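Worksheet: one structure, shown below.
Nothing in this text is a laboratory measurement; each read-out follows from the coordinates by a stated rule. Fair warning: this is a prediction, and the values are worked out from it, not measured in the lab. Quick reminder, even Gly has a Cβ in these numbers, built from the backbone with ideal geometry, and neighbours come from all protein chains shown.
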Amino acid sequence: MIDTRAPKYQWGQGVRAAEHLYNDGTLPDVPEDLLLVAAGGPGEIVQVGQHTEARVPVYLVDFGVAVLGCLEEELLPADEAAA
């Protein structure tokens, strides 16, 4: 059995996109592969969940232009610059 990983970020915490975030098809009214948030774009965690099979945290992040589901690898703390 895989242990559940504790979340690195908390509700209300400011974050930045660690990489460019594109529509992967989850936003039906937006063209697929459209750039939604550029690397470094600021956001705020609005909900923290758990992927039931992978047992990793999943974050709903309000980037202002869209609320996106993100994995930890796609986020940085707000005070850390994106590469």
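Observations on the structure shown:
- Counted charge near GLU73, where neighbours are those whose Cβ lies closer than 14 Å (Asp, Glu -1; Lys, Arg +1): -1
- From phi via Karplus (6.51, -1.76, 1.60), per-residue ³J(HN,Hα) for region 57-67 in Hz, x at Gly/Pro: x, 10, 10, 8, 10, 8, 9, x, 8, 6, 9
- GLY41 long-range amide H proximity, modeled H, under 5 Å: ALA17
- Charge tally in the Cβ shell below 13 Å around ASN23, where Lys, Arg are +1 and Asp, Glu are -1, ASN23 excluded: -4
- Per residue, the convex hull around the alpha carbon atoms of the chain comes to 96 Å³.
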